[in-house]
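A.B. asks: Below are the structure tokens for one structure; questions will follow.
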Amino acid sequence: MNDVDARMDRLRRAARYRYQQLVDSEIERGSLDPDEVREERRLLKAADVAAHARAQVEEAERRGVFEGNPYHGKPLPGIDGQHDPDWWIKAKIEREEITGIAPPALALRKEDTDLDEHLDALSSEADVRDVLEDFNARVKEARRQLLGGPPVVTPLRDVDDEVARWWERRQERREADERAAAQRAAASGDRPRRWWRRTR
């Protein structure tokens, strides 16, 4: 801040202080309503903040701070007109794919939707049973928590039924793979060659 700016800032503060003294004396005399004065001060302060913010943005634009910003002059994405005080942390969690910090009720709900896909990636029945038993134990533990938050509505999984469904899905995938291999072989028109023809 140079000398001229510092001098102007001091003058502004002095004028504001003098104005407040005059208003306070008028309130004491009874010629001004204190509620109206408070509201006017609030509006003046808000106007000062808005003017200061506009001046800062204009200065940054002159310096080229916003060059290359994809949102320059456009509305920010994800703003639907309702104020959400946690918008920034939700955006960060989604952008960086952070997991493990949601309330147990929400985390279990998400895990429940992806559980079949996770089970299908396993290769042994013992692993499937271990995952299901662990999932059920965490659902029971979340139901016992008395810390508040959203209710736990995730159902328990019947281990034997889920293992039977896992075997069925696994058999269906194997049959689908065999059909696809047969179709590829038929489409290519390759017939297996006899071993004596390959050695000539």
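The values are calculated or read from the model by the stated rules, or taken from the named source; none is laboratory data. Since this is a predicted model, take the numbers as computed values, not measurements. Please note: Cβ atoms are built from the backbone with ideal geometry, for glycine as well, and neighbour counts cover all protein chains shown. Calculation scope for accessible area: heavy atoms of the full protein, side chains included, ligands and nucleic acids excluded. Shrake-Rupley method; radii C 1.70, N 1.55, O 1.52, S 1.80 Å.
A.B. asks: Could you list, in sequence order, the residues of the range 32-56 that are at pLDDT below 75 and either part of a loop (DSSP other than H, G, I, E, B) or in contact with a strand residue (DSSP E or B) (Cβ under 9 Å, 6 or more places away or on another chain) (or both)?
C.D. replies: Across the range 32-56, the qualifying residue is only 32.
A.B. asks: Next up: Could you list all residues from the range 59-77 that are of a type outside the set (Gly, Ala, Ser) and surrounded by 10 or more Cβ atoms within 10 Å (Cβ to Cβ)?
C.D. replies: Restricting attention to the range 59-77, the residues satisfying the condition of being of a type outside the set (Gly, Ala, Ser) are 59, 61-63, 65-67, 69-72, 74-77.
Across the range 59-77, the qualifying residues are 59, 61, 65, 66, 72.
A.B. asks: Another question, if that's okay. Residues of the range 10-26 being under 50 Å from the mean Cα position of the chain (by Cα) and among the hydrophobic types (A, V, I, L, M, F, W, C), which ones? Even if it seems obvious, please write down each step before you answer.
C.D. replies: Step one: of the range 10-26, the residues under 50 Å from the mean Cα position of the chain (by Cα) are 10-21, 23-24.
Answer for the range 10-26, where residues must be under 50 Å from the mean Cα position of the chain (by Cα) and among the hydrophobic types (A, V, I, L, M, F, W, C): 11, 14, 15, 23.
A.B. asks: Taking the range 2-39 only, how many residues are within 24 Å of residue 55 (Cα to Cα) and touching a Pro at 6+ places or on another chain (Cβ under 9 Å)?
C.D. replies: Looking only at that region, the number is 0.
A.B. asks: I would also like to ask the following. Sort out which residues of the range 95-113 are open to solvent by 60 Å² or more (accessible area, probe 1.4 Å) and assigned to a helix (DSSP H, G or I), and write them in order of number. It would help to see each step written out before you state the result.
C.D. replies: Here is the first cut: in the range 95-113, the ones open to solvent by 60 Å² or more (accessible area, probe 1.4 Å) are 95-101, 104, 106, 109-110, 113.
Those that are open to solvent by 60 Å² or more (accessible area, probe 1.4 Å) and assigned to a helix (DSSP H, G or I): 95, 96, 104, 106, 109, 110, 113.
A.B. asks: From the residues in the range 57-103 that are modelled with pLDDT under 80 and among the aliphatic types (A, V, I, L, M), which one is nearest to residue 142 (Cα to Cα)?
C.D. replies: Among residues in the range 57-103 that are modelled with pLDDT under 80 and among the aliphatic types (A, V, I, L, M), the one nearest to residue 142 (Cα to Cα) is 102.
A.B. asks: Let me ask another. So which residues in the range 135-157 are within 15 Å of residue 112 (Cβ to Cβ) and open to solvent by less than 80 Å² (accessible area, probe 1.4 Å), if there are any at all?
C.D. replies: 135, 136, 137, 139, 142, 150, 152, 154, 155, 156, 157
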